[in-house]
Amino acid sequence: MKKFLNTPQSLLDESLNGFAAAHADILCLGEEHKFVRRRTLTPGKVALISGGGSGHEPLHAGFVGEGMLDAACPGQIFTSPTPDQMIAAAEAVHQGAGILFIVKNYEGDVMNFEMAAEMAEAKTASIITDDDVAVETSTYSTGRRGVAGTLIVEKVVGAAAERGIALGALQALGNAINRRTRSMGVALTSCTVPAAGKPNFALGEDEMEMGVGIHGEPGRRRVKLASAHAIAEEMTKAILADLGPARGSEAILLINGFGGTPALELYLLYHEARRIAEGGGVKPVRSLVGSYVTSLDMAGASITLSILDEDQLSYWDAPVHTAALRW
């Protein structure tokens, strides 16, 4: 294993130190590295908090800033953050209008955010993202996993919060976006957790994991490596079948890299997925291509389609200023 490390145990704190220093105009670290928060908070605005295990960067800390999250709680690699992190973050960013937790559907994340909500002094609400069409349940989750579609929920709800939308309406909006968003991933290689020092699983040179999760957990099946067209076709058609969109629907198309896939290949997948979506009667009117919800150094990618109406697309178009997204 070759990685830039001092020690596996110090990696997260040292990385967070570098992250906060590099983006000091946007964000700052909480005490004991419990959370990352916006440097400038907006009085009277609902505060948005997310979080999860590290190793998926830039999710979630990279989306802290104007137009998205007010705070993010990073757990150890592939390990849920603890309730005390979430409580500390809530106390730091609450501005009088309540706290909205955005939580990926993994058992540890859901349980710990629920505990934090029960202990919080401020009024809270939650959105649970579960956009993965690959499996109905896994060793990590009860029900579908929350994956790259979480980014779309955070962006749309973040923009709405900036406009002063109230807590209950934000929760309803986030749930609606989640219902209209579906994703599926594929792995060409495993990822390597630094503390383990070896790949999470083994794939042959001619194999891929179709429907892989963002922790490397198994998907639908292990199959022979196929062409980019065939891979994109299976994933996109599975998403369309699950969404059941009306012909002529407009969508956001997100091609997300898992950390070890070059942009050259991601844009090829975008080309294929777009053609297949259009053939299925869905018109991608907004696009995002890059590595935003990663799995350490895994070679692979996911495809996400989100079917949004005109008002919801206007939130997607709203200004955002974070470490990972700026427009």
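Before moving on, here are some points about what is shown:
- Number of positions in region 190-218 that are under 21 Å from E272 (Cα atoms) and within 24 Å of the chain's Cα centre (by Cα): 5
- Within region 77-112, the residues that satisfy the criterion of being more than 25 Å from A169 (Cα to Cα) and in contact with a Gly (Cβ under 6 Å, 6 or more places away or on another chain) are I77, F78, T79, S80, P81.
- Tally, over region 270-299, of residues that are within 25 Å of E310 (Cα to Cα) and assigned to a loop (DSSP other than H, G, I, E, B): 3
- Applying a threshold of 6 Å to beta carbon distances and a minimum spacing of six or more residues, or different chains, the list of pairs starting in region 235-247 at a residue that is assigned by TED's automatic domain parsing to the domain that holds G300 and ending at one that is among the basic types (K, R) reads I239/R182; D242/R182; L243/R182.
- Some residue of region 248-269 being in the same structural domain as E233 (by TED's automatic domain parsing), of a type in the set (G, A, S), part of a helix (DSSP H, G or I) and on the phi < 0 side of the Ramachandran plot: yes
- Residues that are closer than 17 Å to E136 by Cβ and in a loop (DSSP other than H, G, I, E, B), drawn from region 216-243: E217, P218, G219, R220
- Enumeration of residues in region 88-112 that are more than 10 Å from I49 (Cβ to Cβ), assigned to a helix (DSSP H, G or I) and hydrophobic (A, V, I, L, M, F, W, C): A88, V110, M111
- Any chance G75 is assigned to a strand (DSSP E or B) and surrounded by fewer than 20 Cβ atoms within 10 Å (Cβ to Cβ): yes
- Looking across P83, P8, P43, one residue alone is under 25 Å from G164 (Cβ atoms) and either among the charged types (D, E, K, R) or over 13 Å from the mean Cα position of the chain (by Cα) (or both). It is P43.
The values are calculated or read from the model by the stated rules, or taken from the named source; none is laboratory data. Just so it is clear, the structure is predicted and the values come from calculations on it, not from any experiment. For neighbour counting, all protein chains shown are included, and Cβ atoms are generated from backbone atoms with ideal geometry for every residue, glycine included.
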